[in-house]
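Below is one structure, written out as structure tokens; the observations come after it.
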Amino acid sequence: MPLTRDQMTDVKLIVKQTIEELFSDENFIAVISEKIEQKLGLKATQQKIVGLEKQVDDLRRIKSKLECDMDMLNQRIRRKSLRIFGMQEKQDRSVSEQVRAFCEDKLKMHVSEENLENCFWTGKSKNGMRNILFTVDSYNLKMKLLRNRRLLKGSGLTLTEDMTPSRHSLYKKSVQKWGKQSTWFFDGKIWVKIRENKYEIKSDEDINNLH
């Protein structure tokens, strides 16, 4: 027997009220959501995504650790190396002769040919000025030369420890943030002074977090 118009209206109202009651029930919604997730495989997909994200994070940490270890090793290799900035390139003298003359005349220290393991020019010439990278035969000699670099004040010449590219980048960023007077590089490490406290800079994160 077909329903009358009034009966149809009542049925629609009952169905509407029933649906509203069901969807106001959190347990019902949870069951429906779970069924949909199971049907579409959403839960498994989300779990896979979470697992993959964790793997990516782990790989990033491993990569960062390897890069840090490689940089430490690279810096260790440079432990006895120094750089002279602003040297006048002279064609009639070898690089080692100019390094020894620099040490004798500017740093007031005698360095023999036997004390030098490597010497070569680096970078492009600017108005006849270039930089020299050289390695001495002992760490103690290197430190003695560095202690005497105060004698270079006003000469236009600079003597520094040799840094890896990544540490040099961190050093420049540190100087930009805290200034040259509060930033220094010593024995392979970058240091900054902030309000009477010293901090070692090992990463960009250190630069961003220190204020």
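Comparing THR135, VAL95, HIS168 along the charge dipole axis of the range 84-211, the residue lying farthest to the positive side is HIS168, per the Cβ-charge model.
Computed from backbone phi with θ = phi - 60° and the Karplus coefficients 6.51, -1.76 and 1.60, the 3J(HN,Hα) list for the range 168-182 is 5, 5, 5, 4, 5, 5, 5, 5, 4, 8, 10, x, 5, 5, 9 Hz; x is used for glycine and proline. Taking 0.36 nm per residue of sequence separation and removing the Cα-Cα distance, the LEU210/ARG60 pair yields an extension gain of 51.7 nm. Subtracting the Cα-Cα distance of GLU89 and ILE49 from 0.36 nm times their residue separation leaves 8.5 nm of extension gain.
Distance between the 7 Å Cα→Cβ label points at GLU67 and TRP191: 2.7 nm.
Relative to the longest principal axis of the Cα atoms of the chain, the long axis of helix 95-105 lies at roughly 70 degrees.
Send over the Kirkwood Rh of the chain, from the inverse of the averaged 1/r over different Cα pairs, rounded to one decimal Å.
Computed over Cα pairs of the chain, the Kirkwood hydrodynamic radius comes out at 23.3 Å.
Our helix-only sum for the chain, with -39,500 (n - 2.57) per DSSP H run of n ≥ 4 divided by its residues, gives a mean residue ellipticity at 222 nm of -17000 deg cm²/dmol. What is the Cα centroid distance between the range 44-100 and the range 141-211, reported in whole angstrom? What the calculation gives is 16 Å, centre to centre.
Rg ratio for the range 163-211: its Cα radius of gyration over 2.2 N^0.38 Å, N being its residue count, equals 0.99. Counting neighbouring beta carbons within 10 Å and listing from fewest to most, the residues HIS168, HIS110 come out as HIS110, HIS168.
Top mean-square fluctuation among VAL56, VAL95, VAL15, Gaussian network model of the chain, C-alpha springs under 10 Å? Of the options given, VAL15 has the highest mean-square fluctuation. The fewest-to-most ranking of PHE120, PHE102 by surrounding Cβ atoms within 10 Å reads PHE120, PHE102.
A short reminder: the numbers here are calculations on the coordinates, not readings from a lab. Not measured: the values here are computed from a predicted model. Every residue, glycine among them, receives a Cβ derived from its backbone with ideal geometry; neighbour counts consider all protein chains shown.
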